[in-house]
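Everything on this sheet refers to the single structure shown next.
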Amino acid sequence: APAAVAAPPGRVVQAAAPAPAAVDWSAGVPEFRSPDGGFTFRPRFRVTADLSSTFGSDFDNRNLTNTELRGLRIGGQGKIAGGFSYWLEADLADNAVSVANAFVAYSRKLDGRDLEVSVGQRLNDRGVEGGTAEDLSPFLERSLMVSTLGPDRGTYGVGLQSKLTGSVWHASLSLTGDAISDGTTNDTVALMGRTHWSPFKTEAGFLHLGGWGFVEDLTPSTATGARNLVVSSRGNDNLRLSTGSYANLKGGAGFGLELGGVHRSGWAMIEGGQRVVQTASRDFDQNAYSVSAGFFLTGETPPLSARTGTWTRPRVLSPLGADGFGAVEVVGRYDAADFSDSLTGGEGDTWLLGVNWYPTANTRVSAHWSAWSVENRTGAFIGDDSGNTATFRVQTGF
């Protein structure tokens, strides 16, 4: 065997820092890294399957029971040397393929705070529920409030977004056009900003205060402003709330306010606001709000981030296994939307009660029940109607 080489007298020999592991499984999926750690790649996927049943409607065609692959999302994300990162996802749902997040970002420290500037298509930063990825929200569908108050282009837009994040606050500003389109029409353009602050943060919880707003320039030749909003379950396309259509659109604006917080294993949130649709003849108001709350029966801390003002994955204290059962959360929500400022605009609300079981941080089994009431003034189901929808979901995501 070769002889050991002794260090010269007086010289301290320091061991070389270990190189980053080539593959890291700590997040549940492999993250591949270059030897210097400057380049990474991690696959992302989500599978969501629903069983939904609607009953009690005065319209027989609304009383549907069906199964749905609510979403199959695949993609990847990673870092590039020099402070850059990337994110790309495709969503397979409703027998169609669409692009979700698809952007490149640059990040750096600015006076001890995190600054990020991204270019591409990205989920709107618009309120707690509206700015949270669907698989991380405590509810199976976004509220009527979220669906009502967004810009005409929807929840995604291609453009520029900047975000500055502190320990208990953040502020963002974006300038975007439509989501990825076919290139045959002019884009609508939206300028949007949001900020939130989480004061009084202690080990027991914090208060959440926030607000957001946007202005948009619409394309009158192609846009009608009509929306058919999901009520209780996306699996039932006959159960929708219609805004009616708005001819000769010029632009729009909207705002929302956020008030809530976390205390030990419980949380509560109120969000609401108004959207104004501007047409050549007059402006129309659309109003919506939601009140929601939840409680972890198994003692977990609600995963509402004090830094970003959005939901994250829960930290399950006792994952399912030999000695654990997982986390159990009870949630409730009331939401309402009013488009009656227009002659063809409807009104609706829902009461929701649900149970979420998290065997692990990456899996969820949910049973939610909602009592809904809608009044449409246009479409195939005109008039007052009410009923119930029960939805059972199994989901996993990384």
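The values are calculated or read from the model by the stated rules, or taken from the named source; none is laboratory data. Predicted model, so just to flag it, every value in this text is computed and none were measured. Ideal geometry is used to build each Cβ from the backbone, glycine not excepted, and the neighbour counts take in all protein chains shown. Note: areas computed on protein heavy atoms with side chains; ligands, DNA, RNA excluded. Shrake-Rupley method; radii C 1.70, N 1.55, O 1.52, S 1.80 Å.
Return yes or no: is residue 144 crowded, with 20+ Cβ neighbours inside 10 Å and of a type in the set (A, V, I, L, M, F, W, C)? Steps first, answer last, please.
Numbers: crowded, with 20+ Cβ neighbours inside 10 Å: yes; of a type in the set (A, V, I, L, M, F, W, C): yes.
Spelling it out, residue 144 is indeed crowded, with 20+ Cβ neighbours inside 10 Å and of a type in the set (A, V, I, L, M, F, W, C).
Could you list all residues from the stretch 288-302 that are surrounded by fewer than 19 Cβ atoms within 10 Å (Cβ to Cβ) and either closer than 21 Å to residue 195 by Cα or in contact with a helix residue (DSSP H, G or I) (Cβ under 6 Å, 6 or more places away or on another chain) (or both)?
If the condition is that a residue be surrounded by fewer than 19 Cβ atoms within 10 Å (Cβ to Cβ) and either closer than 21 Å to residue 195 by Cα or in contact with a helix residue (DSSP H, G or I) (Cβ under 6 Å, 6 or more places away or on another chain) (or both), then 291 is the only one that fits.
Test of understanding: among 204, 190, which residue is more than 21 Å from residue 134 (Cα to Cα), open to solvent by less than 10 Å² (accessible area, probe 1.4 Å), modelled with pLDDT of 95 or more and not polar (S, T, N, Q)? Write out each step before concluding.
On the way: 204 fails: open to solvent by less than 10 Å² (accessible area, probe 1.4 Å).
After applying the criteria, what remains is 190.
Just wondering, is there one or more residues in the stretch 287-296 that are more than 18 Å from residue 208 (Cβ to Cβ), of a type outside the set (S, T, N, Q) and either in a loop (DSSP other than H, G, I, E, B) or modelled with pLDDT of 95 or more (or both)? Give the derivation first.
Step one: list which residues in the stretch 287-296 are more than 18 Å from residue 208 (Cβ to Cβ), which gives 287-288.
Filter once more, so that each one left must be of a type outside the set (S, T, N, Q): 288.
Okay, now just the ones that are also either in a loop (DSSP other than H, G, I, E, B) or modelled with pLDDT of 95 or more (or both), so 288.
Yes, the conditions are met somewhere in the stretch 287-296.
Would you please name the residue that is surrounded by the fewest Cβ atoms within 10 Å (Cβ to Cβ), looking only at residues in the stretch 333-346 that are under 24 Å from the mean Cα position of the chain (by Cα) and among the acidic types (Asp, Glu)? Write out each step before concluding.
Just the residues of the stretch 333-346 that are under 24 Å from the mean Cα position of the chain (by Cα), to begin with: 333-339.
Remaining after also requiring among the acidic types (Asp, Glu): 335, 338.
Working: 335: 28, 338: 19.
Per the criteria, the residue is 338.
Could you say which residue among 262, 230 is surrounded by fewer than 20 Cβ atoms within 10 Å (Cβ to Cβ) and touching a strand residue (DSSP E or B) at 6+ places or on another chain (Cβ under 8 Å)?
On the way: 262 fails: surrounded by fewer than 20 Cβ atoms within 10 Å (Cβ to Cβ).
None of the others qualify; the one that does is 230.
From the residues in the stretch 41-91 that are of a type in the set (Gly, Ala, Ser) and over 24 Å from residue 140 (Cβ atoms), which one is nearest to the chain's Cα centre (by Cα)?
Among those residues, the one meeting the criterion is 76.
On the basis of being outside any loop (DSSP other than H, G, I, E, B), touching a residue at least 40 places away in the same chain (Cβ under 8 Å) and not basic (Lys, Arg), does residue 104 make the cut?
Against the criterion (outside any loop (DSSP other than H, G, I, E, B), touching a residue at least 40 places away in the same chain (Cβ under 8 Å) and not basic (Lys, Arg)), residue 104 does not qualify.
Sort out which residues of the stretch 115-136 are surrounded by fewer than 16 Cβ atoms within 10 Å (Cβ to Cβ) and assigned to a strand (DSSP E or B), and write them in order of number. Spell out how you get there, then give the answer.
Taking the stretch 115-136 first, the residues surrounded by fewer than 16 Cβ atoms within 10 Å (Cβ to Cβ) are 115, 117, 119, 136.
Once the filter is applied, which keeps residues that are surrounded by fewer than 16 Cβ atoms within 10 Å (Cβ to Cβ) and assigned to a strand (DSSP E or B), the stretch 115-136 yields 115, 117, 119.
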